[in-house]
């Protein structure tokens, strides 16, 4: 993470090692650090909380805190797999490595790989994951996967096709708040009561010109960690060839608004209470990510809505085929389709990147930057 201060929580151990014992009293530890060194940025607070959160539990499913699209229906992962296979096929069927960032339980990967195999694509599989709990589940779902703590160790000798579903929303964000001037938003603590405060005033030059005169109380977010990941991936695609697909909830910026949120037991929670015990996320600015990739020489496509992505990839045809094969699941399949296409269909968006020499990805017709 592009933070100059030392991290406030240890990173999760990588797969293949014994998990580092974690201090379960994270709020007390954070409060002590703030008492000694002063308020911390929202980004540092979010990084510390999420490092602890993901290292100590499986947050997915009915018994967890939230459910992602791959856990709703096999159709999601299958269609993503077909997107990858189609891009690979039209690129001339090169020898590729298939990568997923933050693979959850490995459900998307297992479904996608099954669909890719039917289309003739059986690639090497690489997961980028730092949670020992989730990497154990991923290894069960995809035993042949190679694990990485960072994208820096991914193969450099072949094209990459990379997928990231609900990955960028959990990366740390900075927040600026408008008072008489713009200030960085910080987190202070009194005992283990955490609250956001305004830091020192910032020069107008760091604020996009159209937003400098925003009304008092306005919040402006940025995601330097997400931009760093996108730049590194774009460099890989330009040098090695390949494509990238990110799916997340977000918007086309620049925009004002406080999107930092916490979810626990499938309900919203206060993000400044019990850090490390719930999922902290923020909406993704797809415009900024696309611009960062283009600056490195990659081609950006979209964003398009999840509804348009899955519709363009044939979810209706797949739903009908599964319903015919398993008539007793017909109603459930239609309910799953509605969740993916209606409940999540416009909130979630997809951004694609390709190497300059690779073809336009499926379902992004007319959306190229």
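The values are calculated or read from the model by the stated rules, or taken from the named source; none is laboratory data. If you're wondering where the values come from, they're calculated on a predicted model, not measured in any experiment. With ideal geometry, Cβ positions are generated from the backbone for all residues, glycine too; neighbour counts draw on all protein chains shown.
Just a few scattered comments:
- Count of the stretch 289-345 residues which are touching a strand residue (DSSP E or B) at 6+ places or on another chain (Cβ under 7 Å) and part of a helix (DSSP H, G or I): 6
- Any hit, the stretch 182-205, residues being at pLDDT 95 or above, assigned to a loop (DSSP other than H, G, I, E, B) and crowded, with 19+ Cβ neighbours inside 10 Å: no
- Residues satisfying the stated conditions in the stretch 240-255, i.e. buried (at least 17 other Cβ atoms within 10 Å of the Cβ) and in contact with a strand residue (DSSP E or B) (Cβ under 7 Å, 6 or more places away or on another chain): 240, 242, 243, 244, 245, 246, 247, 248, 249, 250, 253
- The residues of the stretch 169-181 that are touching a residue at least 40 places away in the same chain (Cβ under 8 Å) and either in contact with a strand residue (DSSP E or B) (Cβ under 6 Å, 6 or more places away or on another chain) or surrounded by fewer than 20 Cβ atoms within 10 Å (Cβ to Cβ) (or both), listed by number, are 169, 170, 173, 174, 175, 176, 177.
- Residue within the stretch 260-273 that is modelled with pLDDT of 95 or more, more than 15 Å from the chain's Cα centre (by Cα), crowded, with 23+ Cβ neighbours inside 10 Å and part of a helix (DSSP H, G or I) present: no
- Selection of helices (runs of 4 or more DSSP H) fully inside the stretch 48-150 by the criterion of at least 1 residues being in contact (Cβ under 8 Å) with a residue 24 or more places away in the chain, over 21 Å from residue 310 (Cα atoms) and within 19 Å of the chain's Cα centre (by Cα) returns 132-141.
- Assessment of the stretch 276-287 against the conditions (touching a residue at least 24 places away in the same chain (Cβ under 8 Å), over 30 Å from residue 236 (Cα atoms) and touching a strand residue (DSSP E or B) at 6+ places or on another chain (Cβ under 8 Å)) yields at least one matching residue.
- Scanning the stretch 206-235 for residues that are touching a residue at least 24 places away in the same chain (Cβ under 8 Å), more than 30 Å from residue 161 (Cβ to Cβ) and not in a helix (DSSP H, G or I) yields 207, 208, 212, 214, 215, 216, 217, 218, 219, 220.
- Residue within the stretch 63-73 that is touching a strand residue (DSSP E or B) at 6+ places or on another chain (Cβ under 6 Å), buried (at least 20 other Cβ atoms within 10 Å of the Cβ) and farther than 30 Å from residue 363 by Cα present: yes
- Scanning the stretch 322-356 for residues that are surrounded by fewer than 14 Cβ atoms within 10 Å (Cβ to Cβ) and over 26 Å from the mean Cα position of the chain (by Cα) yields 324, 325, 326, 327, 328, 329, 331, 332, 334.
- Restricting 283, 278 to those that are crowded, with 19+ Cβ neighbours inside 10 Å and farther than 28 Å from residue 231 by Cβ reduces the list to 278.
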